[in-house]
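Each remark here refers to the structure printed beneath this line.
The values are calculated or read from the model by the stated rules, or taken from the named source; none is laboratory data. Small disclaimer: the values here were computed from a predicted structure and weren't measured. So basically every Cβ, Gly included, is an ideal-geometry build from the backbone, and we count neighbours across all protein chains shown.
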Amino acid sequence: MLPKWKLFITVLLAISITVVAIVINFYYPSSPKNLQLWTENELEEKLEIWAYEYNINWIRSPETDLPQYRTFIRYYIYNSGDANATNVSINVLVNNSIFISDSIPLLRPYEQYSNTFNLTVNYDSVTQVSISAHTINSSANATLDIEAKLPRSLSELWGLARLFITPNNRQVQNIVMKHSAFPNWLSLCNWVSDNIEYVDDSVHGQGDYWQLPSETLELKTGDCEDYAILLCSLYRAAGYDAESAFVILGYSDKGGHAWVRIYAQVLGIGTWINIEPQIGGIFTIFYGLFDTTKYDDVYQFNDVFFERLK
C-alpha cells in the first residue's frame, strides 16, 4: 500500500492531467471537421475602393458647339483581406444610372485591380459618379462629385476663350439666316445693338464674367465682351473665315474694353474695320475708328485662334 503522501500526489497529478486535457479539447478540438471550420472562419476577404480624376480638359460639343468638360477617372479595387475574393461584380453609376458593368473572376489577398474610363459632361453641371464592388461576403464603394464649372474670366480662360465663339450653335445660326441683307456685317451689328441691353458683370456677383452667345441671347443683356463675343460668333457663322473676324481685348490706364475687328468690303474695297457692337448703324464704324484708339490692342481671338498682340 502506498504511503498517504504518495497517494495524494498521484491523485492530484491525475486530476491536473484531466483538467488540462479538457481545456485542450475545448479550445483545440481534435476533430478534423471542427478544425477546418475554425480555419475558414478566421480567413476573410475585404474589398476597398478608391478613385480620382486626371487629364481634365474642356472640349467643344459637336452637337451644340457649347463647352463640355471631359475627365478621365481611374479607380482601384483592393483586397486587403487574407482570403481570395471571387466573382467580384463592379458597377459604375453616373447620376444613379448604370454607366459601366464589369467583373473580376479572382482577386487574391493583397492584390489590386485598376481600370480607367472617360466621362464628358455639360458645362456648369455637377455629376455624381459612384463606383461599387461586391462579392457574397464583402462590398465597398466610392463616390466622386464631378464639378464642371466653366471658367468665366480671362485670367482663368486664356486659350479656353476660343470656346466662347460658337458659330455652329443653332441659336447663333438662326439669327444669321434672318440677316442676309447686304452688307450683312452691318445688318448683324445692328441686330446685336438693337436687341442686347448693356448690363455689367455685377449682376453675376463678380467683377468679370464672360457669357456664351447662347446665354447672351437668352438673357438679352451683357457687357462689352459679351456683345463682342456674340457678334464675332455671328460673323463666323455668316461665313467670315478664321483669319477675318476677331474679338479684340484692349486695355488702358482706365480699364479694358472689347470690340470686334473684321476684314470686310467697304465701298468695294477690302479693309480691316473695328466695330463697336454696342452702337448700331454706320456710327459703329466711327466709334470703331476713334473710341478704340483709347486702348492698346492686347489680345485677339475667335473659335480657332487666341493670340497675344502686345
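Laid out as a table, the results:
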read-out	value
Unique match (being surrounded by 18 or more Cβ atoms within 10 Å (Cβ to Cβ), of a type in the set (S, T, N, Q) and either touching a residue at least 60 places away in the same chain (Cβ under 8 Å) or within 30 Å of ARG170 (Cβ to Cβ) (or both)) among SER244, SER233	SER233
Complete set of residues in segment 222-268 that are of a type in the set (S, T, N, Q) and outside any strand (DSSP E or B)	SER233, SER244
Test: residue in segment 238-248 that is modelled with pLDDT of 95 or more, farther than 28 Å from THR271 by Cβ and assigned by TED's automatic domain parsing to the domain that holds ILE273	no
Enumeration of residues in segment 52-79 that are crowded, with 19+ Cβ neighbours inside 10 Å and either outside the structural domain of SER139 (by TED's automatic domain parsing) or not charged (D, E, K, R) (or both)	LEU66, PRO67, GLN68, TYR69, THR71, ILE73, TYR75, ILE77, TYR78, ASN79
Residue under evaluation SER187, criteria (1) in a helix (DSSP H, G or I); (2) without any contact (Cβ under 8 Å) to a residue 24 or more places away in the chain; (3) in contact with a Phe, Trp or Tyr (Cβ under 9 Å, 6 or more places away or on another chain); (4) closer than 21 Å to ASN274 by Cα, criterion not met	(3)
Only listed residue being part of a helix (DSSP H, G or I), modelled with pLDDT under 95, closer than 29 Å to ASN141 by Cβ and of a type in the set (S, T, N, Q), chosen from ASN25, ASN34, ASN41	ASN41
Yes/no for ALA140 being out of contact with any Gly (no Cβ under 9 Å at 6 or more places or on another chain) and modelled with pLDDT under 95	no
Of residues in segment 199-221 being assigned to a helix (DSSP H, G or I) and among the hydrophobic types (A, V, I, L, M, F, W, C), the one surrounded by the fewest Cβ atoms within 10 Å (Cβ to Cβ)	VAL203
Matching residues, segment 285-299, being of a type in the set (Phe, Trp, Tyr), surrounded by 14 or more Cβ atoms within 10 Å (Cβ to Cβ) and either at pLDDT 95 or above or out of contact with any Asp or Glu (no Cβ under 7 Å at 6 or more places or on another chain) (or both)	TYR295, TYR299
Enumeration of residues in segment 249-265 that are loosely packed, with under 13 Cβ neighbours inside 10 Å and without any contact (Cβ under 8 Å) to a residue 60 or more places away in the chain	SER252, ASP253, LYS254, GLY255
Only listed residue being over 19 Å from LEU186 (Cβ atoms), among the aromatic types (Phe, Trp, Tyr) and outside the structural domain of GLN68 (by TED's automatic domain parsing), chosen from TYR227, TYR209	TYR209
Matching residues in segment 269-284 - criterion: being part of a helix (DSSP H, G or I) and surrounded by fewer than 18 Cβ atoms within 10 Å (Cβ to Cβ)	PHE283
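Matching residues to (1) out of contact with any strand residue (DSSP E or B) (no Cβ under 8 Å at 6 or more places or on another chain); (2) touching a residue at least 24 places away in the same chain (Cβ under 8 Å); (3) within 12 Å of SER89 (Cβ to Cβ); (4) among the aromatic types (Phe, Trp, Tyr):
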| residue | (1), (2), (3), (4) |
| --- | --- |
| PRO105 | no, no, yes, no |
| ASN122 | no, yes, no, no |
| GLN128 | no, yes, no, no |
| SER139 | no, yes, yes, no |
| GLU147 | no, no, no, no |
